[in-house]
Every structure is written in structure tokens, then in C-alpha cells.
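Here the structure is laid out as C-alpha cells; the discussion comes afterwards.
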Amino acid sequence: MACFPAAKGPSSVNDEDKYPTCKQKAMAGDADAQNRLGDMCNFGRNVEKDLKQAVEWYRKSALQGNATAQCNLGLMYKNGQGVEQDDKQAVEWYQKSALQGYARGQCNLGFMYQNGLGVEQDHKQAVEWYQKSALQRNARGQCNLGVMYQNGLGVEQDHKQAVEWYQKSALQGNALGQCNLGLMYKNGLGVEQDDKQAVEWYRKSALQGNANAQCNLGFMFEMGLGVEQDHKQAVEWYRKSALQGNADGQCSLGFMYHNGLGVEQDHNQAVEWYRKSALEGNARGQRNLGFMYCNGLGVEQDHKQAVKWYQKSALQGNANAQCKLGVMYKMGLGVEQDHKQAVEWYRKSALQGYATAQCNLGFMYHTGLGVEQDHKQAVKWYQKSALQGNADGQRNLGVMYCNGLGVVQDHNQAVEWLQKSATQGDAYAQHNLGVMYKRGWGVKQDHKQAVKWFQKSALQGNATAQYKEGIMYRNGLGAEQDYKQAVELKSALQGNESGQKNVERMTKKKWSLLQWI
């Protein structure tokens, strides 16, 4: 969560303070009138907008010690409006205003200290000024103080204190405070987790036009969290956010088009929104754009472009992109094949806990690709992946136990992990589990179960399983003997050379090794 300075909005102008009257007072040296005249010029109220004139009038008022004008002049320097951008000058004027106790000046001075703009970064000083502002009920100061407590910046991290200040800000109608409070409820930080409360605060903020809240509210509708799932509503809120240039909203809208959720599937539109997000530097948008190039969805397939976008995302620490980049290096797609680079990217991703990368890194150790072969390391990474429910990791861990590679051979453990993977639909694991039942390894021999698992694997096109299913039918093992079924092996029909040879050698009873690739 970011902090923001307290912005200046157009002030209301009384009838007697319309431009001619106000100017007359300002020319007579009335500091309040000079500040109001600056507002008129700044926002084009009752006079043509003129930022240079606004600065001139703010300065006249500020030099007379008007705290509001001092803050306004600081903001003009901060934003480079009507004057050359100068953070040091902004700090000077904010400080003058803050020292007079002006809450908005205190908040803005805190912002400068927090971000090291025009002054050496000092989170403790930022907290001090935010606190002064917050205690005067400045909503932006309250929100920013909440951010400091949430992230432990300049103060000991305290989520309860963060919630307290976000709530004070939110109850005053501050959109950022409302959004941040929603996020605390969503994640159960400093308050009991409550998706309904999260939706309520996101909605309040989103209706005020806060782009982050609009994106967050879209997510709640997409996932059905705290509200009935409604993909059309999700698309509506993502679009509102995206049209404001919010990179997360753009990426999420692209995802909805990509998958046809709440909107007709349109890969071209998906690419368009992913690209907008990616160009804003959004790591998820970059990764997704890389995926579209890799698979030729909504754009001509281009592995080099895929690598380019995966790399941008990976360098920002996106674990999914790091894993995908590893795959590109391993396969030599869009980049020269380099197993060492593959290992490096798999490792970065795996260390973040990404299950697919953990399995892939295990595979590299298993086979000695890009790294010295080490079955113990392979088991370590397969296990990490398997424990997260990754079907590939579970299957490969089962194979390691079955063959005693990097671990003491244990057929019972092998069956346990193969079963977990097979029930998730992994064709290789289904084949392997069939082998275990056929041979009675780690489980009571059961030809019917063997046929069942060979059949599940065969239906997914696994040629070896198709062949073995045929053998079971030929020999009447676990199924009624059926030579016709045996001969009609799908592996032969697939044009699989190995399968065709196996059909020709129907009497041969050799069983292949377990599959783990």
C-alpha cells in the first residue's frame, strides 16, 4: 500500500468573493483573499485557469504567513504546476505550513520524509508528521499513518493500529482508507478475516472511483468471496479500473477475456489488455503476455517475444514467470538451449515455494541436466512439490520411492504418492499405479485395479498404458479375455512405433519401467 500527499481540491467561493471582489481584496493585501484567488486561478473557478497566476497569488499569501497558502505553494512545487518542479522548495513550504499546525501541510511533509523527496528519507519523521496530521482528523494523514503501521515503517509493525487509523480515515469517506481497510478485512490483518466486510469497504471506495478498490471488488466478484460469484460484475469492475490505467485491473480484464469469464472469449482483447498492463511494468501482465506469445493466442506465436516478456516478469520476482522462463531455456524455445540457465530460473521460482518449479528443479537433479546428478536433491524438491499437491511432483516422488533413488526403496510410499497423483488425473501416475497393482508392489496384487488404472491412463492417450491394457485383455487378467480388444490397441492407431511393435509381439510379457517424465 502506498501513501499519498493530501491533495488540494477547489474551495467553495462565496457570492461576495467572486473573482472581482476577491481580486480587489487580494490586491489590497488580504492574505486569505490572495490564497482564494490562487485557488480560482488554479482550478479555473470564475476565471480562466492560469497555474502561473495561481503560484503568484499563493506566494503572496504564503509570504504573509498563511499556512493554507504555504501548503498550496508547496504542492505546486511538488507537482511542477505553474513553476519548475522542485522537491526542496516543496519541503520548505510544507514545513512552514506544518509548523503552524496546518494538518494538510503536516501530512504532505510526512509524505516527503517517507519517500525521501527534497529531504533525506526518514520514516520516523514521516510517522511524526502523519501522526500530527491524523490527530487533527485529517483523513489522508490517518490513512498514511495506517500504512506506516501496517508495514512497520518508522514504527513497530502493528496491524491493529493500522486498522484503527484506516477505519478513522474510511469513516470520513476517504477512498484510499476505505480500500486499505477492505484489504485488511480480506487478509485478516489486525482484524478477524471477513470477506463481506472487505466487499463493503471495497465497494464504498470503488464507487468513489478508486481504481485499486475497483480492481479488488472485481476480484471478489470473480472468486465469489463475500458476495455471490458473478463474472459479469467482475468484468464491469475490472473494466472501470482498467480504463483508469490501473495495471492490475488491465491484467485481470485481460484474464477474463482470455478465459471467457463474464464476457465472450476473445484472445485479441486479452492480448490488448495484457499488453497495456505489461507496458505499465505489471509483472503478472508481462507473464500473461508472454504466455499468449508462447502459445500463439490472440497473436502470432513468437517464442522470442515470449522469452522477452517472461524475463521482464521474472526479473521482478514473479515465480510463475521464473518457472516458465526456465522451461524456455530447458527446451531451447526463443532462446539458445541452456540447462544451467534453466536450473537457475527453476531454483529462483522454487525457493519462492512455486510447486511446478520445485518439481522441475527436482527433475534437473534427477537427470543431471544443468547440474550434477543428485537423487537426494531430486527427492527433496519432488517432496516439496508433492506436499503442495502438485501431481507431477507426487508422481515423480512415487517413482523415486519405487526405485530407491535418493531414498530407501519403499513400495508402500511409492503407492501412496502415485495414488495421490493418479487421482488428480495424471496419466503417467495412473499407468504407474496400474503397474504396482499388476505386480503387487506396495499393495495387494489386484488385476482388476491394474486394468482400471491402465484404462484411465490409456484414455488420455498414454501409448504404454494402451499397450498394457491390451496385454491384460489378451491374457484375461482383471478383465474377460478379449483378443479383439487387445488387438485394437490405441497406441498402434496413433501411429506410435513402439505401440505397433508391441502389437506385433503380443505374446511378449516384458513390462516397461515406471514412467516419470
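The values are calculated or read from the model by the stated rules, or taken from the named source; none is laboratory data. Just so it is clear, the structure is predicted and the values come from calculations on it, not from any experiment. Cβ atoms come from the backbone with ideal geometry, glycine included; neighbour counts cover every protein chain shown. Surface areas here come from the heavy atoms of the whole protein model, side chains and all, with no ligands, DNA or RNA. Shrake-Rupley method; radii C 1.70, N 1.55, O 1.52, S 1.80 Å.
Observations, loosely collected:
- Out of C251, C179, sole residue that is out of contact with any Leu (no Cβ under 6 Å at 6 or more places or on another chain), surrounded by 24 or more Cβ atoms within 10 Å (Cβ to Cβ) and closer than 23 Å to M148 by Cβ: C179
- Number of positions in the stretch 136-155 that are out of contact with any Cys (no Cβ under 6 Å at 6 or more places or on another chain) and either open to solvent by less than 60 Å² (accessible area, probe 1.4 Å) or farther than 23 Å from W201 by Cβ (or both): 13
- Residue match in the stretch 116-132 (condition: in a helix (DSSP H, G or I), hydroxyl-bearing (S, T, Y) and touching an Asp or Glu at 6+ places or on another chain (Cβ under 7 Å)): no
- Among the residues of the stretch 182-194, those that are outside any loop (DSSP other than H, G, I, E, B) and surrounded by fewer than 24 Cβ atoms within 10 Å (Cβ to Cβ) comprise L183, K186, N187.
- Condition broken by T367, with the remaining ones in (1) closer than 19 Å to Q424 by Cα; (2) open to solvent by less than 50 Å² (accessible area, probe 1.4 Å); (3) of a type in the set (S, T, N, Q) satisfied: (1)
- Residue in the stretch 111-118 that is farther than 26 Å from A26 by Cβ and open to solvent by 40 Å² or more (accessible area, probe 1.4 Å) present: yes
- Verdict on A247 being hydrophobic (A, V, I, L, M, F, W, C), in contact with a Gly (Cβ under 8 Å, 6 or more places away or on another chain) and within 18 Å of R203 (Cα to Cα): no
- Y257 meets each of the listed conditions (1) free of Cβ contacts under 8 Å to residues at least 24 places away in the same chain; (2) open to solvent by 70 Å² or more (accessible area, probe 1.4 Å); (3) under 17 Å from C215 (Cβ atoms) apart from (2).
- Within the stretch 463-478, residues that are outside any helix (DSSP H, G or I) sit with their Cβ atoms under 7 Å from residues that are aliphatic (A, V, I, L, M) and open to solvent by less than 20 Å² (accessible area, probe 1.4 Å), at 6+ positions apart or across chains, in these pairs: G478/A450; G478/V451; G478/M472.
- So Q197, is it without any contact (Cβ under 8 Å) to a residue 24 or more places away in the chain and surrounded by fewer than 24 Cβ atoms within 10 Å (Cβ to Cβ): no
- Helices (runs of 4 or more DSSP H) contained entirely in the stretch 327-406, each with at least 1 residues that are without any contact (Cβ under 8 Å) to a residue 24 or more places away in the chain and over 28 Å from the mean Cα position of the chain (by Cα): 355-367, 391-403
- Scanning the stretch 460-493 for residues that are at pLDDT 85 or above and small (G, A, S) gives G461, A463, A465, G476.
- Here the helices (runs of 4 or more DSSP H) wholly within the stretch 12-102 that include at least 2 residues being loosely packed, with under 15 Cβ neighbours inside 10 Å and of a type outside the set (V, I, T) are 19-27, 51-63, 87-99.
- Hits in the stretch 293-316 (condition: open to solvent by less than 30 Å² (accessible area, probe 1.4 Å) and within 17 Å of the chain's Cα centre (by Cα)): W309, Y310, S313, A314
- Taken as a whole, the condition of being more than 14 Å from A386 (Cβ to Cβ), out of contact with any Lys or Arg (no Cβ under 6 Å at 6 or more places or on another chain) and at pLDDT 95 or above does not apply to A422.
- Candidates in the stretch 166-175 are the residues that are open to solvent by 10 Å² or more (accessible area, probe 1.4 Å) and under 19 Å from G105 (Cβ atoms); of these, the one that is nearest to the chain's Cα centre (by Cα) is N174.
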